[in-house]
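One structure is given below, encoded as structure tokens.
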Number of protein chains: 4
Amino acid sequence: MKLGLVGLGKMGYNLALNLRDHNHNVVAFDLNKEAVTKMNGEGVEAFDSLEQVIEKLPSPKIVWVMVPAGDATEQTLVQLKGLLNEGDIVIDGGNSNYKESVRRGNDLKEKGIFFFDVGTSGGMEGARNGACTMIGGDKEVFSTIEPLFQDICVENGYLYAGECGSGHYLKMVHNGIEYGMMQAIAEGFEVLEKSQFDYDYEKVARVWNNGSVIRSWLMELTENAFSKDPKLDEIRGVMQSSGEGKWTVEEALDLQAPTPVIALSLMMRYRSLEEDTFTGKVVAALRNEFGGHSTVKK
Amino acid sequence: MKLGLVGLGKMGYNLALNLRDHNHNVVAFDLNKEAVTKMNGEGVEAFDSLEQVIEKLPSPKIVWVMVPAGDATEQTLVQLKGLLNEGDIVIDGGNSNYKESVRRGNDLKEKGIFFFDVGTSGGMEGARNGACTMIGGDKEVFSTIEPLFQDICVENGYLYAGECGSGHYLKMVHNGIEYGMMQAIAEGFEVLEKSQFDYDYEKVARVWNNGSVIRSWLMELTENAFSKDPKLDEIRGVMQSSGEGKWTVEEALDLQAPTPVIALSLMMRYRSLEEDTFTGKVVAALRNEFGGHSTVKK
Amino acid sequence: MKLGLVGLGKMGYNLALNLRDHNHNVVAFDLNKEAVTKMNGEGVEAFDSLEQVIEKLPSPKIVWVMVPAGDATEQTLVQLKGLLNEGDIVIDGGNSNYKESVRRGNDLKEKGIFFFDVGTSGGMEGARNGACTMIGGDKEVFSTIEPLFQDICVENGYLYAGECGSGHYLKMVHNGIEYGMMQAIAEGFEVLEKSQFDYDYEKVARVWNNGSVIRSWLMELTENAFSKDPKLDEIRGVMQSSGEGKWTVEEALDLQAPTPVIALSLMMRYRSLEEDTFTGKVVAALRNEFGGHSTVKK
Amino acid sequence: MKLGLVGLGKMGYNLALNLRDHNHNVVAFDLNKEAVTKMNGEGVEAFDSLEQVIEKLPSPKIVWVMVPAGDATEQTLVQLKGLLNEGDIVIDGGNSNYKESVRRGNDLKEKGIFFFDVGTSGGMEGARNGACTMIGGDKEVFSTIEPLFQDICVENGYLYAGECGSGHYLKMVHNGIEYGMMQAIAEGFEVLEKSQFDYDYEKVARVWNNGSVIRSWLMELTENAFSKDPKLDEIRGVMQSSGEGKWTVEEALDLQAPTPVIALSLMMRYRSLEEDTFTGKVVAALRNEFGGHSTVKK
């Protein structure tokens, strides 16, 4: 199948190779000339002009967008709306907020363009060798692009989830679960680290990943991480987050769905960004006020 | 009423003055000679020998113990069991674990000594000018010592709560609630501190303490704290804890009673004791493994 | 001072009486004729036409809006924008979202109308006899309406908090704290209820409200509640919520401010709305899958 | 290898078959005659007398105990201490509290008996076809019994973790993580269930289990569960727990290790055991007191 690919970052680049290996004819775009050159070197036609890419595609044109969620995706879709025509297909494979995807789907529909919101999981490794994708959009039209997903995903690794928005929604919730699972695993090692016993964490992660109830890809990655740095001495416990966990909690609040574990996973990430907290200062000051408990001076 | 008082720390010293002001005849004991001298200087007879204090008391002897919970209380009660006789009365006004109090009450009962577990709240200020006390022990015998509580507590500020253990139990739960209330207040100011507005926290605490739903002594203390250090710049947000909050959570777990707010208040205190966490390192390492997200090096 | 008052619900009605008692000349409006009649019976001029009310006011006209947040407030302000002129003053005393207030303030400023967002706490009792108010808006113009707040609030019970939005923001955070304090108190009684002791909760609330660290208006109300229904046998533990707690959590997420206690207080409210949960079903099903643990059939 | 096996419940029975299939010579014991008969029918020698089993074993005798944690394990070990001699080996493969295991190890050591605490994960399926085990005890002596673990566990599925107690400790923490992971997954489906989209949960679990970051055995089991009951309509969301999660939280409290996700997972299980809560009643009553918000009558 011939298709356009917008964005040659970590995910887009690996996806291009994955598609190439399955004999799809990718025409890729990135503003960054280095990325374009590198892509060409891998036998994938690439340009630094979106117009050029669109021109190269037969109708109905299929364009897979793989750029950061937010402004970059918004601008790309606005541009594509201008360049594409009725019957063309746009796939957003990034981590967009599902509400945006619903809006964008409706917007593109005005011009007869079909929009698919595709949540992608599995990291760079997945993009390269077999991803997991959750797809929302028009059911009929999906059959046109289904072969792509059959090829680039692992077996049983794609799901047509329903109407527009349902793909990114599933990915959002997936990430909420991911936050909770990661925090659960990490808390377990926190207890081990403070315990009276002297464990080899790499071995612990390995045994937990073989035959136990908690065996999982995340536990496999935990083993990998400990194999490189046995006590994680070299890094700080700063837990960044990229949005989907927050969206999951916001969605849960809107739905009045209690999700304490996902919410706390997120809040502990925020806590990890701080050296000290105003909350702590207030509590310390209050203890001093009523009990004369001494505070720790700066 | 003539009574013995063991322990002239922050709480015991203030309690002695409070009892003295209500015309009770206190004979105080502390191992620390300076504390004894200071007490004598306030017109309260004090000694550095427990035997001497006990000798001075008429039978039935009443001894109020106000020493740190744990070993100090245990040793004092063991000594008192040796020195006292049938019909004598021991009051533990410290922050003992209620299970210890039940055990101690049964132990002293073997020798016919009556034991009262008394939870005391209100801080040093309360001990000095009007405390809040929750009392467990023999109901009949309580009438003998009730006048003491009428005098040293604020109006409606004492409660005979029930059998032995029920006093310290109430104090334990009181402290659990206190942890939750303090954390709630502190989180509120955390939000204000990060907000787009520029609030004067002393004034905020004052207005919240006058007519609002959240008016409380803790909010009054918050106002006091901010009046001394408007942004709490001088202290670190290290939140110590002294045991009762932890006991409340442990009790809740034993009772299968969900207490998320009290539990989280405690856990955020523990979190505040750490500069960095192993939990954070594990999550950061995992994000790096699957997403290539860079970690923060030490 | 002569002013208009829009909305004669629980809060507005009591505020009208409070203003009247302080010799302010209130002209009130409500669509509900019964409410209008009742108000007139109390010696406060009231009409069921907003235009009529506005006409009666001298310039610069002052209008206090006390209607439910959301649509009702929105519609009232749109109407007022039409009826008022440059230099007039609108006060929103309801529980509006601060973002709406910032928007409305800017909108009314286009026509030269001054807008004050006023968070009000203290319940109906406060509205009647002495409220607590947090006020955002133009600092200069505030002096014009300050006498109103001096009269209707308890001593030290009003605060000019800063620019437009800062008043409702403070009220939002106040309610977040309130959620946390209420949940903390309630969890404490949950532990007592499941404990081995047999407490009289009214007496417990009373003693905790006299001299203890956790004395507060909420504890006073707890005593009142137990005085009417000693074990709260007559009601179900369904915890409704009205929005400000949710906004506080959403704001905290936007600010990356960890507020576990406020968040969990809210989530336990949502949990209380459910008889059973899908979360629980999934966990029960999983336990059955891996451990053969029997599930509870419906 | 010839060894005794005590306990033919779900786990012990499957373990016996697993050992048998690997050509170990198991002599099994259970008080229940039916279980004994069934075991004999599977070609595993079994008796309803422990003495008889012990007699059949060559010295040094090896006895694997697989009975419920707590009293049953305690009584078995007391009996075994009487029946066994210096150099013999006892393995506790149940879910015992690690503190008990440390105590029991020391107790058996008095008589020269070696004790191994073995945490076992993987459910019945694992016991039958390849378990995951975490082993604490004497390192030297472990080599004697290591062949058993090589045979009954999956590849890389056993770990000699360290001194006595460290095996059950690892299993305890494993279960704490398990609670958190299960709750995270379940909360995700809770959000889906309340969402605007209409998902097929079996398909969602399947796609999440193929190529995604959250692929795991628990997700596989989730798929199985939904394949049998697509909306889990037939069961109630009552989440029982069996102790290890609670121990993990208690241990975390003792270590001052913040584990909000594991703690909340446990508390939501407790919450699920209740139809209504006293916490909820108190909050509802308070809202009624200050705001006149109506309560839900029983």
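Key figures
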| read-out | value |
| --- | --- |
| Candidate aspartates and glutamates for bridging to B:K38, where Cα separation is under 14 Å - those fewer than 8 sequence places away on the same chain excluded | B:D30, B:D48 |
| Rounded to the nearest 20 debye, dipole of the protein assembly as shown from Cβ charges on Lys, Arg, Asp, Glu | 0 |
| Rh by Kirkwood over Cα pairs, then Stokes-Einstein D for segment D:206-298 at 0.692 mPa s and 37 °C, µm²/s | 193 |
| Alpha carbon Rg of segment C:85-195, scaled by the compact-globule rule 2.2 N^0.38 Å | 1.27 |
| Other-copy label distances relative to B:K56, 7 angstrom Cα-Cβ extension, nm | 7.4, 7.6, 9.9 |
| Sequence-separation-based contact order of segment C:2-164, relative, with Cα cut under 8 Å and 6+ spacing, percent | 20 |
| Peptide B:142-154, shielding by other chains (average Cβ, 10 Å cutoff) | 1 |
| Placed amide H near B:N25: partners under 5 Å, 5+ positions off or other chain | B:K2, B:L3 |
| Point-to-point label distance, A:N129-A:N40, nm (Cα→Cβ direction, 7 Å offset) | 3.0 |
| Cα pair distances in chain D, grouped into 10 Å bins until the bin that holds the longest one, percent each | 6, 23, 28, 21, 14, 6, 2, 0 |
| Net charge of neighbours whose Cβ lies under 14 Å from the Cβ of C:L83, counting Lys and Arg as +1 and Asp and Glu as -1 | 0 |
| Spacing of the two label points (7 Å from each Cα toward its C-beta) at C:K33 and A:L31, in nm | 6.5 |
| Nearest beta-carbon to the C/A symmetry axis - residue in chain C, distance in Å | C:A263, 3 |
| Amide H partners (placed H, <5 Å) of C:G130, local residues excluded | none |
| Viscosity 0.890 mPa s, 25 °C: Kirkwood-radius Stokes-Einstein D of the protein assembly as shown over Cα pairs, µm²/s | 74 |
| Nitroxide proxy distance, nm - points 7 Å out along Cα→Cβ at D:D48 and B:D254 | 3.9 |
| GluC sites (Glu not before Pro) lying in DSSP loop within segment A:209-298, provided at most 15 other Cβ fall within 10 Å | A:E234, A:E275 |
| Label zone at B:Q196 (point 7 Å along Cα-to-Cβ), backbone N below 15 Å, segment C:147-173 | C:162-170 |
| Too-long pairs where the Cα-Cα distance tops 28 Å, listed order kept, from C:K171/D:K297; A:K99/D:K228; A:K194/B:K298; C:K2/C:K246; A:K2/A:K246 | C:K171/D:K297; A:K99/D:K228; C:K2/C:K246; A:K2/A:K246 |
| Gap separating the Cα centres of segment C:106-135 and segment D:1-70, nearest whole Å | 77 |
| Antiparallel bridges, percent of DSSP beta bridges restricted to chain D (to nearest 5) | 15 |
| At 7 Å out from Cα toward Cβ: D:K109 inter-copy label distances (nm, ascending) | 3.9, 7.1, 7.4 |
| Relative contact order of chain D, defined on C-alpha pairs under 8 angstrom at six or more residues apart (%) | 12 |
| Taking segment A:230-298 and dividing mean pair separation by its residue count, relative contact order in percent (alpha carbons under 8 Å, at least six apart) | 31 |
| Alpha-carbon centroids, segment A:184-245 and segment D:216-247: separation in whole Å | 24 |
| Peptide-level mean, for B:241-247, of C-beta atoms on other protein chains within 10 Å | 2 |
| Beta bridges per DSSP with both ends in segment D:2-164, % antiparallel, nearest 5 | 15 |
| Partners for D:K81 among aspartates and glutamates (Cα-Cα distance below 17 Å; same-chain residues under 8 apart left out) | D:E51, D:E55, D:D71, D:D92, D:E100, D:D107, D:E110, D:D117 |
| Most to least packed among C:98-107, D:177-186 [average Cβ atoms within 10 Å] | D:177-186, C:98-107 |
| Long-range HN-HN contacts of D:I91 with modeled amide H, under 5 Å | D:V63, D:W64, D:V65, D:F116 |
| Other-copy label distances relative to A:N85, 7 angstrom Cα-Cβ extension, nm | 5.9, 9.6, 11.3 |
| Shielding score for B:194-203, defined as the mean number of other chain Cβ atoms within 10 Å | 6 |
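Values quoted throughout were computed directly from the atomic coordinates according to the rules given, and no laboratory measurement underlies them. The structure presented is a predicted model; accordingly, all values stated were derived computationally and were not measured. Cβ coordinates were reconstructed from backbone atoms using ideal geometry, including for glycine residues, and neighbour counts include every protein chain displayed.
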